[in-house]
Each structure stands twice: as C-alpha cells, then as structure tokens.
Amino acid sequence: MRYLTALAGSAVTILALAACGSSAAQTTTSSGPPVSSPPEGAVTGTVTWPDGNPAANASVYFYNYDPGFTASGWSDGEYEVRPLPADGSYSLGGCPCGDLTAYLYVPSTPGADPANGGQDCWIIMQDDNGTYSGRQAKPGDVINWQALDMPCSPTWYTSDQSTVQSQATALDPRLNGGDYSAFAGYWPAAELRTSGG
C-alpha cells in the first residue's frame with residue numbers, strides 16, 4: 001500500500017511539473033491567474049512621454065525598411081502596437097531589424113478643434129541611446145523609447161535628422177511667433193487625452 005501511495009504521489013508531481021513546463025508563454029503570480037509573457041526572442045521595453053510617464057493608451061508604430069524585410073505581424077515594414085498598457089510596455093516580434101524607428105501616435109478626437117485633439121498626433125521617439133534615426137535590434141533586446149519633446153505633427157514624417165528638426169521648427173509656435181491654437185497641439189495635451197483627462 002505504501003508503494004502505491006508513493007507511486008501515486010510521484011505521478012502527481014510529474015504531472016504538475018509537466019503542466020508548469022508546457023506553458024512557456026505564461027507566468028504565474030501569487031495573487032492570481034497566469035499572466036502573459038512576451039514571446040521568446042521578442043524585442044521588449046517601454047514607451048514614455050518626454051516627462052517620463054508611461055505612454056498608456058497611446059499607440060506605437062515601429063518601422064524597419066531593410067530591403068527585402070518581411071516578418072509575421074509586419075506590413076510593408078510597419079508594425080503597430082496599440083493600445084499600450086498602463087506601464088507603457090511593448091513586445092515587438094519579427095526582428096532582427098537593421099533600421100528600427102518608432103513613433104508615438106494618438107488619434108484625433110472626433111469633433112475637437114485642431115489645438116485640442118482634433119488632429120492626429122505623431123511624435124518620433126528616441127531610444128535609450130538617444131537615437132531616433134534607426135537602430136539595429138535583435139531578438140531578446142530591451143529597448144526603451146521616449147517621445148521627443150516637440151509638438152504633435154498631424155502626419156507621419158521620416159526619421160532623418162534634418163526632417164525631424166524642420167518638423168519641430170515648423171510645428172513649434174514659440175519659434176514662429178504664434179500660439180498653440182493654430183497647431184495640432186503639443187505633447188502634454190496628447191498625454192492628457194490618453195490618460196482620460
């Protein structure tokens with residue numbers, strides 16, 4: 001009888017270990033149900049506003065224009081993550097990427113005027129090395145992105161340095177003797193929109 005009890009206990013232990021090992025995409029917390037983990041080999045990190053707050057509820061668009069690049073989840077060199085969770089974390093599959101850039105995006109609010117969310121908001125982001133014009137990324141890399149401290153653009157723009165600088169100058173009313181009412185808005189207004197304010 002002791003032999004059968006020990007054998008049954010061993011079988012339960014083996015089944016429990018097998019069940020734990022069969023779900024590599026989940027982790028278990030002591031406070032509740034399993035939580036999804038990033039896919040193995042994904043590029044992960046966080047996305048923040050210029051003030052360091054997580055870009056919760058905003059979207060991030062990744063671009064990789066390597067010639068001949070194709071990967072699952074990507075379309076013409078573009079990969080969208082939306083909406084970002086409360087901590088601003090993301091998981092990006094499909095790399096290695098030789099020329100990765102990222103843009104924060106907040107869609108327009110229907111019926112709002114241009115200065116208060118009535119236009120789309122695109123802001124290029126820099127990585128944790130201060131690069132915004134493209135970087136190499138390989139599976140397993142952790143890259144944190146932060147939106148540049150500049151006004152929103154109502155349209156997407158290229159990531160080369162001269163275009164980004166001219167975009168910042170053209171959109172910043174302080175540099176053109178104007179006020180914000182005629183522009184798509186500045187990033188704090190977009191952050192406020194995504195936070196529900």
Does GLN146 satisfy being without any contact (Cβ under 8 Å) to a residue 24 or more places away in the chain and assigned to a strand (DSSP E or B)? no
Would you be able to say whether some residue in segment 117-130 is in a loop (DSSP other than H, G, I, E, B), modelled with pLDDT of 90 or more and within 14 Å of the chain's Cα centre (by Cα)? yes
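Every residue, every condition in (1) among the aliphatic types (A, V, I, L, M); (2) over 23 Å from ASP51 (Cα atoms); (3) touching a strand residue (DSSP E or B) at 6+ places or on another chain (Cβ under 7 Å), yes or no:
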| position | (1), (2), (3) |
| --- | --- |
| LEU92 | yes, yes, yes |
| SER108 | no, no, no |
| GLN119 | no, no, no |
| LYS138 | no, yes, no |
Matching residues, segment 119-142, being under 24 Å from SER166 (Cβ atoms), in contact (Cβ under 8 Å) with a residue 12 or more places away in the chain and of a type outside the set (D, E, K, R): GLN119, CYS121, TRP122, ILE123, ILE124, MET125, GLN126, TYR132, SER133, GLY134
Subset of segment 76-113 that is of a type in the set (Gly, Ala, Ser) and at negative phi - its residue that is surrounded by the fewest Cβ atoms within 10 Å (Cβ to Cβ): ALA86
What is the number of the single condition among (1) part of a loop (DSSP other than H, G, I, E, B); (2) closer than 19 Å to TRP187 by Cβ; (3) at pLDDT below 90 that PRO110 does not meet? (2)
Is it the case that SER72 is buried (at least 17 other Cβ atoms within 10 Å of the Cβ), over 13 Å from ASN144 (Cα atoms) and of a type outside the set (A, V, I, L, M)? no
Scanning for something under 23 Å from TYR90 (Cα atoms) and at pLDDT below 80, does segment 179-196 turn up at least one residue? yes
Residue count, segment 134-153, condition modelled with pLDDT under 90 and either surrounded by 16 or more Cβ atoms within 10 Å (Cβ to Cβ) or not assigned by TED's automatic domain parsing to the domain that holds THR101 (or both), comes to 4
Are there any pairs with C-beta distances below 7 angstrom linking a residue in segment 178-197 that is at positive phi to a residue that is in a loop (DSSP other than H, G, I, E, B) and modelled with pLDDT under 80, with the two at least 6 apart or on different chains, and if so which? GLY185/GLY117
Within segment 41-69, how many residues turn out to be surrounded by fewer than 19 Cβ atoms within 10 Å (Cβ to Cβ), in a loop (DSSP other than H, G, I, E, B) and either in contact (Cβ under 8 Å) with a residue 24 or more places away in the chain or in contact with a strand residue (DSSP E or B) (Cβ under 9 Å, 6 or more places away or on another chain) (or both)? 10
Being charged (D, E, K, R) and either closer than 22 Å to SER159 by Cα or in contact with a Gly (Cβ under 6 Å, 6 or more places away or on another chain) (or both) is the filter here; which residues of segment 86-138 pass it? ASP99, ASP120, ASP127, ASP128, ARG135, LYS138
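The values are calculated or read from the model by the stated rules, or taken from the named source; none is laboratory data. The shown structure was predicted, so the numbers you read here are calculated from the model rather than taken from an experiment. Cβ atoms come from the backbone with ideal geometry, glycine included; neighbour counts cover every protein chain shown.
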